[in-house]
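A.B. asks: The structure is given below, and queries will be raised subsequently.
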């Protein structure tokens, strides 16, 4: 299950915080399930001494490359769980959403990473079967094939593994095109094996095995559309998608349900996922014909249904470049001079204080000082840091025991509202 | 609202204009007409480009000039109630008791402390300690700076 499932579960829940929390946990569990499926397949391949484990071990590095992705995938899911738990306890709707938005890139990275890993496992299974059953296909040629495919996979996988919001978004939006390329590679490899098999007596058995792999692969949706119907042009653009009452249609086929669209629309409007990423997911669902069309916008009706609108585009811009904020310095809302204090209270790993930064222009910091001789502090961010720390320490002393991360973020949410600093977090850097 | 609008341009001029446009002669007069609103709510009423902390800074300034600082400090706790204890003082400070909550009381009193001018921080700290050691009845909610209990805790400034 992909993040599409995450999206569905997130919004299938009632508006209550409890329901959302449970939905996030269910969604993460599902993503863990698909990671486990890939992990099991990789484990099985790693234990083989014949097939992909034979030929002097020249293919084992490809299996290892797949296994190497498992730690970050599990880490991203664990991080999402931790963030979702904190979000559920914070008791402030704006902050809850802001924390879920911090989890957004992780969930997206894990979902698209799972898809990419499943496809890589498909290639490993195909190679294993060819090595086991198809002596007529040259090992050298298969090595070259696998190296070429890996080179396609590596840049996107690395971007997803970084969990950096901007790199994840770039990789996710490029995924439909990549999936199209990988589908083509898979088809070419399969056809190569089939051609090599021609003339060999027992080739039918091998060819059948290859067909079987094709049918069970993660890409079977794409292959079910091959070959294109006689006379039909493959040049079906994204413009062929139509939003109807039952969902998004590509000809007679339902690409995604209306429920899926409604769910994603809400998440896009909440800023948990971005419109380009939602579009990429839709394109992947639409399959090979769509992926081949890298250009071509989705039709307006479909974009609108995904939540496109000036507000969402504005949100996107303020989160990224645009609105004159791209170069504005990032500031930790949890002062980094007190990093150790926050670490002691649970701000580490996915909850690291570096995750909770905001952009503020220099002029804006200085403006906070303007027009008065205050008794209350100095300038932003010094004033902010002093006030927040003084407040947190007093509250903790009143409480009589250590504050939890959600309590700390609740206090910070209240202060951000008083300072009217929008709750759009971006990751910052140590410094 | 776009990022940081409240901190663009000369917010002090903007804030005074908004208050004047609404017929008040001072920010204090505007705020006193809404004694139970939080600072953020006061700001929202004046516009998305005004921040609660800006209003508070001007309130401190005006209170200092008018020698009404103790009154402002009492009013600040009322505004913190709106943020943290909208249902009033909890049934218990023991979080394990039904209706009990220690953190929100701690947060309201901690916010009160950090929004108090430095000369008032010790009295405010003592007042908070007294409230926690001798909790007022469940549901207690001061409605303004004239609240009887608050006046005992933070008496008016000596003339």
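A.B. asks: Test residue B:37 against the criterion of being within 14 Å of another protein chain (Cβ to nearest Cβ), surrounded by fewer than 22 Cβ atoms within 10 Å (Cβ to Cβ), under 30 Å from residue B:140 (Cβ atoms) and in contact with a helix residue (DSSP H, G or I) (Cβ under 7 Å, 6 or more places away or on another chain), and give yes or no.
C.D. replies: Here the answer is yes, as residue B:37 does meet what is asked.
A.B. asks: Also, quick follow-up: Please pick out the residue among A:343, A:415 that is outside the structural domain of residue A:100 (by TED's automatic domain parsing), at pLDDT below 95 and either under 28 Å from residue A:163 (Cβ atoms) or in a helix (DSSP H, G or I) (or both).
C.D. replies: None of the others qualify; the one that does is A:415.
A.B. asks: All but one of (1) assigned by TED's automatic domain parsing to the domain that holds residue B:157; (2) part of a helix (DSSP H, G or I); (3) out of contact with any helix residue (DSSP H, G or I) (no Cβ under 6 Å at 6 or more places or on another chain) hold for residue B:74; state the number of the condition that does not hold.
C.D. replies: Condition not satisfied by residue B:74: (3).
A.B. asks: On to the next question. So, of the residues in the stretch A:102-151 that are under 30 Å from residue A:272 (Cα atoms) and out of contact with any helix residue (DSSP H, G or I) (no Cβ under 6 Å at 6 or more places or on another chain), which turns out to be modelled with the highest pLDDT?
C.D. replies: A:115
A.B. asks: Just checking, does the stretch B:48-70 include any residue being in contact (Cβ under 8 Å) with a residue 60 or more places away in the chain, in contact with a helix residue (DSSP H, G or I) (Cβ under 6 Å, 6 or more places away or on another chain) and more than 9 Å from every other protein chain (Cβ to nearest Cβ)? Lay out the reasoning, then the answer.
C.D. replies: Just the residues of the stretch B:48-70 that are in contact (Cβ under 8 Å) with a residue 60 or more places away in the chain, to begin with: B:67-70.
Then keep just the ones that are in contact with a helix residue (DSSP H, G or I) (Cβ under 6 Å, 6 or more places away or on another chain); that gives B:69.
The next check asks that each one be more than 9 Å from every other protein chain (Cβ to nearest Cβ); those that pass are B:69.
Yes: the stretch B:48-70 contains one or more residues that are in contact (Cβ under 8 Å) with a residue 60 or more places away in the chain, in contact with a helix residue (DSSP H, G or I) (Cβ under 6 Å, 6 or more places away or on another chain) and more than 9 Å from every other protein chain (Cβ to nearest Cβ).
A.B. asks: For residue A:84, state whether it is out of contact with any helix residue (DSSP H, G or I) (no Cβ under 8 Å at 6 or more places or on another chain) and at pLDDT below 85.
C.D. replies: On the way: out of contact with any helix residue (DSSP H, G or I) (no Cβ under 8 Å at 6 or more places or on another chain): no; at pLDDT below 85: yes.
So residue A:84 does not fit the description; no.
A.B. asks: Kindly indicate which of A:158, A:171, A:118, A:127 is surrounded by 22 or more Cβ atoms within 10 Å (Cβ to Cβ) and under 20 Å from the mean Cα position of the chain (by Cα).
C.D. replies: Every option except A:171 fails the conditions.
A.B. asks: Which one of these is outside any loop (DSSP other than H, G, I, E, B), within 14 Å of residue A:338 (Cα to Cα), over 33 Å from the mean Cα position of the chain (by Cα) and without any contact (Cβ under 8 Å) to a residue 40 or more places away in the chain: A:383, A:396, A:391? Step through it out loud before you land on a result.
C.D. replies: Values: A:383 fails: within 14 Å of residue A:338 (Cα to Cα); A:396 fails: within 14 Å of residue A:338 (Cα to Cα).
From the options A:383, A:396, A:391, the qualifying one is A:391.
The values are calculated or read from the model by the stated rules, or taken from the named source; none is laboratory data. The shown structure was predicted, so the numbers you read here are calculated from the model rather than taken from an experiment. Every residue, glycine among them, receives a Cβ derived from its backbone with ideal geometry; neighbour counts consider all protein chains shown.
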